[in-house]
Each structure stands twice: as structure tokens, then as C-alpha cells.
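Written out below as C-alpha cells is the structure these notes cover.
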Amino acid sequence: MAEYTCSVCNVKFYDREKKFTNDENKCILHSEMDKNKYNGLLNELFIERIELYIDKNILNNKDNKVTFYNVKIPIFKTETRDSTYLWDKISKKFEYNNFKILFIKSVFYGEEKLSSLKNNYLIFEECDFLKKVIISDCKELIFSNTRFHTYLTYKNDLKEQSINSNLSFNDCIFNIIEFKGVTFNNELFANSKENKSFKLEELNFENCILKNRLNLLNNNYLLKINKLYFINTILENKVIIKSCEIKDLRLIETRFKNFCNFEKNKFVSLSLNETIFEKMVSFQQTKFLTNVDFYYVTFKEHSIFKNTIFTNELNLENALFEKNSSFLNISAHEREKDYKDKYKGKPINIKVANRETARIIKDSFEKQNNIIEANKYYAVEMKEREKELEIIKNPLDSIVFFFHKLSSDHSQNWMLSLFWIFLISYLVTSVKTTYGMFETILYNIFIYGVFDKMANIINPFSIMTRGESLTFSMLLFKIIIAYLIYQFIVSVRQNTRRK
Ligand SMILES: [Zn+2]
């Protein structure tokens, strides 16, 4: 009988195996043959071989470690035998041991259901999972440099009972991940500092507790994530989601109990609801490319929105800020930076969804004694107030508002006030010189005659002047000029100091 030796594991094998794999140098564990399709005979031979391999390795094993190197694991999925069949067989072999079972550079062709193998560690290094991976009830499970090509899930559907898991992924690449009802003890994505290839399409936490920190950072390389959902989840440690472009971010009924670094991100679509930030949170230099509504979001500590960009409407009406927040240099548009990494140009006032939002931003600047910035959002607040005012319901307020805006753009534009002062003075003077006395045009109208007499009686300027006679139109003119001068002074002061 012909005898062959596997070049990977040195095991001897015979014709039965060789005929099947058509390879003299590889046993069925290591054969490169196509294992993408279910094959009953392949599975039988494979199980036989793996059991022999384990038996051989357990004997005389000093460091309690069994390593599967470069193994190609076929599809086990049929109606009666799914992938758990293989894991049950492996599990039985390690029943009374405390082993480290390692798979290195191995490929898993089928859907895998991984669960803890009693008290044994299960470790995967540089492996490829081509189909779905379902983790259940795992105690010690570590993945390093491993690629999950399709879908990874760890779900516990038992209500209010979370699995305590020592799961960790070091420098892995993912497609879609779904976690439900799990308490994670370890740092879930423990990536090395040099790692620049971290990839993730979708990550979904539901009813989870993360006891260790969560770090989604690709060493300042932009990490593109399609979906990132935190639903009813508690994050007890630091959260770093930095330099990411996230198409759809949802924070629903979630508690962040430690510092959150959400800096330099790009959020394309965003949904926030009943979420609590218990410690400081920073959104510095993050771009919100959608309407943002911090709907029942509570900030218990400082929140930083420095140089944050809101291209669409911001709504803070239902947000709760227990401590002060910083909105310094928030802008509606992205600003370019110069060679010193400093921003060029001035920030542009953002769009607010309502007056309350402008008031909160203004209030935060006032608390920091930043009066110039506070005044900018005072003007935004006034504009929103204007929208609220209905001329029929509040005719007087509306008129005052109209003139306030027209004369000085709510005390923001001193040039506008000056312009009106000059224009009105010029018009009045030219009318006067063209037609002689300005008053003579209207003098014949009786009613003005009466008003002129009244104007002379109440003439407030007589104290300052030599008691020259005053017509009603001149009184009106003087009042307008006085109002404009007042607006001019206030506008000048608005841009420099406290009101
Ligand atoms: Zn082999």
C-alpha cells in the first residue's frame, strides 16, 4: 500500500485519502482542494483525521496547547450535521483538559457556530471565516488578525440575562457584526498601534454592556462605517470613535459612563434618542452632514462642540445640558486650514431648528464671558423670534422687530444704522432745499398744522436747542435719527463688549 506524508503536519496517509484529495503532499486537513461545497465523504475523512490529530497532540503535550496550522475546514452544513458537529467532536476530545486550542492561518469555508469548549481557550490567528460566524456562550475566545468575510453575530435572546464574555478581537477585519444581550469584559477591538487596516462595515450593539473601553480608531486613517448602532447599551469605559466616516449612526437609549471622544468624524445620517453622556464628550472638528436633533439627550458633564460643523439644522430644544458646553467656532461650512493648521476665514452661523437652540448656544457663550460670540447667536435667536411672531397676533412686537432688523440687523450691523442715518438725513435735506422749507409741502394740510402746534408744545429738543419752532415732520425725523443713533451705538458695542 502506497504511503504518503503531509508536508504540513508530517502525518502519514494512504490511497483512500490521496485518491480523494488528489495531492500526494497534503493530508485532508491541509489539502487545498475545493471545500466550498458540502461533501459527505470529505467530512467523514476530515473528522477521522482531526480526531487522530488531536489524540496524537494531546499525548505527551507539556504546554497544554494543540495547534492546527494551515487547516482548511470544509462546509459541514446539512440538515443533520451542521458545523456544530465538528465542534462537538473536538469538544469531546478536550473534555477533561485545560487546553489552548489554536487555529493558525486556517480557512473556514462554511458557517461556523463557535461556543466555549468547556475550560479550554479557543484562539484563532490569521484565519479566514468565509461564511457566517455565530458565537454563543463563549468564555474564552480570542481572534487575532482574522478576517470575517460576511457576518459575525453573538446573540443572547434570554431577556435581562446577559452573557459574560471574555471575547476579544485583535487587529481583525470585519464586515457585519451584530451583538445582542452580551456583557463584554475585555476590550473588544484591541488593535495594535501600527494597525492601519482595521475595517468594519456594520456594527450593531443591542442590550449590551461593555465593561472595557471601545476604540474605533484606524490610527487617524479615515475608517468608513456604513452602520453603527448602539441600542439600549451601557458603555462603562472610555469610548473612542475618532476619524470615522459613518453613514448611519444611531444612539438610542444608551448610556456612556465614561469619557467619549467623537472627534474628527463625519456623520452622514444620525439618530439620537434618550441617550446619556455621564462624563465629558467631545465632538471637536466633527462634521454633521444632516439635521441633528439631540432628542432627550442628556449631557451630565461638559460637552465640547469646538470647530464642529453643522451643515444642516441643529436642534437642542429637547437636549439637557447639566454643565456648560462649548460651541466655539461652530460653523455651517467647512473651513480651510492654512499651512500652520490654523483655520482660514470666519465661522458661519449655523442653522438652528428653533429659537431655544440659538438661546442655548448664546447662553453657553455668555457663561464663558464670550460676549462677541454670544451676540452672534443673540442675533440668530432674534431671527428665530421674528419667525415665531405673527403680525396679526402681535402687531406691535412685529413692528418693533421689523424696524430693529431693518435698522441694524438686530444690533449686528452698525454700518446699516449709519447708512440709514446718512440716507434719511440726505433725503430730508435735499427735499428741504429743493422745495424751500420741507414743511411747506405739507403746511397747507390742516391736520399737520394742528400736529405742528402739538409738536412745539411737547418739543423734547427745546431743552437742548434755543427753543426754535418744531414741525411734526421735523419731530418725526428727529425721533427716527435718535433711534438710528441708538441702534448705531448698540451695534458698535455689540461687537466689542458686554451690553
Ligand atoms: Zn496534514
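Taking the Cα atoms only, what angle lies between the long axis of helix 472-494 and the longest principal axis of the chain, rounded to 10 degrees? It works out to around 30 degrees.
Under 1.5 on a/c is rounded, so check that first for segment 100-238, then, if it is not, pick prolate when a/b is larger than b/c and oblate when it is not; a ≥ b ≥ c are the square roots of the alpha carbon gyration tensor eigenvalues. Taking the square roots of the gyration eigenvalues as a ≥ b ≥ c, segment 100-238 is rounded. Relative to the dominant Cα principal axis of the chain, helix 40-58 is inclined by about 80°. In loop segments of segment 193-278 as defined by DSSP, the GluC sites (Glu not before Pro) with at most 11 further C-beta atoms inside 10 Å of their C-beta are Glu194. The relative contact order of segment 1-91, computed from alpha carbon pairs under 8 Å that lie at least 6 residues apart in sequence, is 25 percent. By the rule of a C-alpha distance below 14 Å, with chain neighbours fewer than 8 residues away ignored, the aspartates and glutamates paired with Lys306 are Glu263, Glu334, Glu373.
As a proxy for reagent exposure, His333, His30 were ordered by neighbouring Cβ count within 10 angstrom, fewest first; the result is His333, His30. Between segment 337-379 and segment 238-314, how far is it from one alpha carbon centroid to the other, in angstrom? Segment 337-379 and segment 238-314 have Cα centres spaced 18 Å from each other. The three principal axes of the Cα atoms in the chain give end-to-end lengths of 133, 42, 41 Å, sorted in falling order. Please label the shape of segment 193-247 as rounded, prolate or oblate, based on the square roots a ≥ b ≥ c of the eigenvalues of the alpha-carbon gyration tensor (a/c under 1.5 means rounded; beyond that, a/b larger than b/c means prolate, else oblate). The shape class here is oblate.
Taking a threshold of 21 Å on the Cα-Cα distance, which of the pairs Lys12/Lys113; Lys35/Lys227; Lys100/Lys211; Lys193/Lys242; Lys279/Lys346 fall above it? Beyond 21 Å: Lys12/Lys113; Lys35/Lys227; Lys100/Lys211; Lys279/Lys346. Of the residues Met33, Met474, Met415, the one with the fewest other Cβ atoms within 10 Å heads the list, and the complete ranking is Met415, Met33, Met474. This ranking places Lys279, Lys72 by how few other beta-carbon atoms lie within 10 Å of each, fewest first, which gives Lys279, Lys72. Computed per residue of the chain from DSSP H runs no shorter than four, each worth -39500 (n - 2.57), the mean residue ellipticity at 222 nm is -9500 deg cm²/dmol. When Rg and Dmax are taken over the Cα atoms of segment 20-90, they come to 12.9, 39 Å. With respect to the chain, whose longest principal axis is taken over its alpha-carbon atoms, helix 395-408 is tilted by about 90°.
The numbers here are math on the coordinates, done by the rules we state, and not lab data. None of these values were measured; they are calculated from a predicted model. Ideal geometry is used to build each Cβ from the backbone, glycine not excepted, and the neighbour counts take in all protein chains shown.
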